[in-house]
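Trainee: Got a structure for you, questions after.
The values are calculated or read from the model by the stated rules, or taken from the named source; none is laboratory data. Quick caveat, the model's predicted, so the values are computed rather than measured. Cβ placement follows ideal geometry from the backbone for every residue including glycine, while neighbour counts extend to all protein chains displayed.
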Amino acid sequence: MRRKLLRLRPYIIAAAVGTILTVDLSNQWEVPIAQLPNELHDRYVSELKADAKPAELLSLAETGNSQAQYIYALRHTAYAPAELQIKDDQKVAFSWMLKAAENRHTRAMAVVALYYARGLGVAKDETKAAEWASKAADKGQPMGYRVLGDLAKAKADAIKPVKGAADAAKQQAAREELLGEAYTQYLRGANAGDRHSLRELAKAYEVGQPGLPQNYRLAVDYYTRAATRRDGKSIRILADRYESGEKTPKDLQQAYAWRLVLIEIEDNPEDVTKLGELEKKMKLEDVQAGQELAVKLIKDLPSEASDALSRLNPGR
């Protein structure tokens, strides 16, 4: 009997370890053990593509496939590539995005939080926005941090201490606490690559905020990181700043390069005019250097299509 037990020992240990891992995975994904095979298939085996036919997506979405629900929702927004957009319908988008979020799709959780925060396709509700953003942030979703930051910052901005008022100090302390919370969340989002969070940190370093003393160099660094992630607002700021020398050393080559990048992604006639005016103030060799830098920046920039598709194929 003892010999039989010794021979079975490896199998008993393997079964015990397998049970522990299964229970742990069930807890991490918040999925009943019986549903783990389906969840594994949806996450790692399913060949669902972002460009699937609408009918196929809808059919899968109706069966409870969270990735299909998420893609179907996003393809009803302006964020989908033009050739993949089914229809720009915020209510339909919210409805399916909420279903995906309820099915534990972490990116959908963050998007639902944003919808509630802005009142897109649903009545504005900051409490629900915070709830969904917290769930997304707990899963490490960058947009979750960004929404939490936006909510805290909005509350801080709503507090306007009146100088000399009896509660002015109390209100100022509350405001600074909320700002500290906002920038803590933005920092988390920035470290995860969220361009909105990067831009918010850049703006904070420009003027100085609690825990973020005024620092123009860091502001430019954060604007640059956001710009390289195709953030049009940050690209415009860099083009203007390098040309004027405001809050950063004047550098016409950089100004020329970023203006070319801006024209590439936004195609605004005003930027073409500004580029021509800038070129008149530059030496030929500086213009050429700016053009070469622009080529490199544009090459490293996410394309419009890939930027849009990244929303359709996010990490779960």
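Trainee: Say we look at segment 120-140 and pick out the residues that are without any contact (Cβ under 8 Å) to a residue 40 or more places away in the chain and part of a loop (DSSP other than H, G, I, E, B); which of these is nearest to Leu178 (Cα to Cα)?
Mentor: Out of the qualifying residues, it is Asp125.
Trainee: Search segment 136-163 for residues being basic (Lys, Arg) and modelled with pLDDT under 95, and hand back the single one that is nearest to the chain's Cα centre (by Cα).
Mentor: If we take residues in segment 136-163 being basic (Lys, Arg) and modelled with pLDDT under 95, then Lys139 is nearest to the chain's Cα centre (by Cα).
Trainee: While we're on this one: Enumerate the helices (runs of 4 or more DSSP H) found wholly within segment 162-273, keeping only those where 1 or more residues are within 30 Å of Glu285 (Cβ to Cβ) and without any contact (Cβ under 8 Å) to a residue 24 or more places away in the chain.
Mentor: By residue number, 216-227, 232-244, 252-266.
Trainee: Turning to a different aspect of this structure: Determine whether Pro210 is at negative phi and at pLDDT below 95.
Mentor: yes
Trainee: Next up: Of the residues that sit in segment 133-162 and are surrounded by fewer than 19 Cβ atoms within 10 Å (Cβ to Cβ) and of a type in the set (A, V, I, L, M), which one is nearest to Arg175 (Cα to Cα)?
Mentor: Looking at the filtered set, the residue picked out is Ile159.
Trainee: Another question about this same structure. For segment 207-235: of the residues being surrounded by 14 or more Cβ atoms within 10 Å (Cβ to Cβ) and touching an Asp or Glu at 6+ places or on another chain (Cβ under 8 Å), which is nearest to Ala294 (Cα to Cα)?
Mentor: Thr228
Trainee: Could you check segment 53-81 and list, in sequence order, the residues that are in contact (Cβ under 8 Å) with a residue 60 or more places away in the chain and not aromatic (Phe, Trp, Tyr)?
Mentor: Once the filter is applied, which keeps residues that are in contact (Cβ under 8 Å) with a residue 60 or more places away in the chain and not aromatic (Phe, Trp, Tyr), segment 53-81 yields Gln67, Ile71, Leu74, Arg75, Ala80, Pro81.
Trainee: A follow-up question, please. Tell me yes or no: at least one residue of segment 148-159 is under 27 Å from Leu98 (Cβ atoms) and in a loop (DSSP other than H, G, I, E, B).
Mentor: no
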